[in-house]
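For reference, the structure discussed in these notes is given below.
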Amino acid sequence: MAPQNKSQATRPTLAATIIALNEERDLPRCLESLRFVDEIVLVDSGSTDRTVEIAKKMGAKVVLEPWRGYGAQKNFAMQQTRSDWVLNVDADEVITDALREEILREIASKQAAAGYAVARKTFYMGRWIKHGGWYPNYVTRLVDRSKGEWTEPNVHEELSVHGDLKKLANPMLHYTFSDIADQVRTNMRYAKQGALDLKTRGTDASYFRLLAKPLGKFCETYFLKLGCLDGLAGFIISINAAHSMFLKYAYLL
């Protein structure tokens, strides 16, 4: 974490929050990139690997909390912070030097927005993915602590900002699935949660949606969003996107 100095004392303080479960592979790289913040809060929901040990060793405040759901867990993490601003990151994400400087400059500005969205640049199957909806994939992650909270659906939570929202120019790095099997397992988990959200919203289950939605998702990611330009990785991403959509409506049905 950032050392105390005169310039730091004159700017708004910044916390980073991470929700974690068995993240020992990616966590050290993430925490190393967060040394500039004033506090790091990691909320762990029952890791059985070295996640908690690594976090404590690298200076993070660790809070043990049973799983509440993605949005609820992130809201809980934000409540554990004391700083003026909160930056949420996943354990497989990295804040680059350029993004770090931009963040510090923005929160110290007299024209600071209420919140900021940042693009994620994702590494998958040995390459940086540039299309298919994966880049630039803007996610809102930085907020004035008093002006935002996370929505709490079963999956695909969002940081809701009360005020103006700006996009940061520099992306953060995202080291996603370790392999194709990891992506498929994640799709299965998200599809079940997505089906619960559809049911809550009163979406009707039908064979038509079961057939049409996956086909539409593949065409969207591979053709309309140019996933075809990312080679084999782009094709696999699009197939997996369609598979995830199929599973979601199959679970609903």
Looking only at aspartates and glutamates whose Cα falls under 13 Å of Lys147's and that sit 8 or more positions away or on another chain, we get Asp84, Asp164
Short version: ³J(HN,Hα) in whole Hz for each residue of segment 135-147, in order, from phi by Karplus 6.51 cos²θ - 1.76 cosθ + 1.60 (θ = phi - 60°), x for Gly and Pro, what are they? 8, x, 9, 7, 10, 7, 9, 10, 8, 4, 3, 8, 10
Hey, what did segment 1-155 get for relative contact order, percent, Cα under 8 Å, at least 6 apart? 26 percent
Bridge type composition, the chain - antiparallel percent by DSSP, nearest 5: 45 percent
On C-alpha positions alone, give me the angle between the axis of helix 231-252 and the longest principal axis of the chain, in degrees, nearest 10. 80 degrees
Once amide H atoms are placed 1.01 Å from N in the peptide plane, what residues at a sequence separation of 5 or more from Leu14, or on another chain, have their amide H within under 5 Å of its amide H? Asp38, Glu39, Asp84, Trp85
At 1.4 Å probe size, put Arg120, Arg185 in order of accessible surface, largest to smallest. Arg185, Arg120
For the chain, modelled as a GNM with alpha-carbon contacts under 10 angstrom, which of Ile237, Ile19, Ile180 fluctuates the most? Ile180
Evaluate the Debye formula for segment 158-207 with equal point scatterers sitting on the alpha carbons, no solvent, and hand back log10 of I(q)/I(0) at q = 0.21, 0.28 Å⁻¹, in q order, two decimals. -0.92, -1.01
Filter Lys74/Lys167; Lys110/Lys225; Lys57/Lys192; Lys56/Lys121; Lys110/Lys130; Lys57/Lys121 down to the pairs with a C-alpha to C-alpha distance above 30 Å, please. Lys110/Lys225; Lys57/Lys192; Lys110/Lys130
Gyration tensor verdict on segment 57-129 (Cα atoms; rounded if a/c is under 1.5, prolate if a/b is larger than b/c, oblate otherwise): oblate
Listed highest first by mean packing, meaning other Cβ atoms within 10 Å per residue, what order do 26-39, 104-117, 201-214, 65-78 come in? 26-39, 65-78, 104-117, 201-214
Can you tell me the 0 to 90 degree angle between the C-alpha axis of helix 70-79 and the longest principal axis of the chain, rounded to 10? 10 degrees
Dimensions of segment 58-98 along principal axes (Cα, Å, largest first)? 34, 23, 20
For the Cα atoms of the chain, what angle does the longest principal axis make with the long axis of helix 180-200, in degrees from 0 to 90, nearest 10? 80 degrees
Rh by Kirkwood over Cα pairs, then Stokes-Einstein D for segment 106-247 at 1.567 mPa s and 4 °C, µm²/s: 77 µm²/s
Sorting Leu14, Leu165 on solvent-accessible surface, 1.4 Å probe, most exposed first, gives Leu165, Leu14
Can you work out the accessible area per residue across segment 126-227, with the rest of the protein chains kept in place, probe 1.4 Å, in square angstrom? 60 Å²
Using distinct alpha-carbon pairs, which all enter the 1/r mean, Kirkwood radius of segment 110-156 in Å: 12.9 Å
For the chain, which whole-number percentage of the solvent-accessible area (1.4 Å probe, protein heavy atoms only) is attributable to carbon and sulfur atoms? 54 percent
Per the Cauchy relation, a quarter of the hull surface: what is the mean projected area of the convex hull of the alpha carbons in the chain, in nm²? 14.0 nm²
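The values are calculated or read from the model by the stated rules, or taken from the named source; none is laboratory data. Source: prediction; values computed, not measured. As a convention, Cβ positions derive from the backbone with ideal geometry for all residues, glycine included, and neighbour counts pool all protein chains shown. Areas reflect the complete protein model, heavy atoms only, side chains present, ligands, DNA and RNA absent. Shrake-Rupley method; radii C 1.70, N 1.55, O 1.52, S 1.80 Å.
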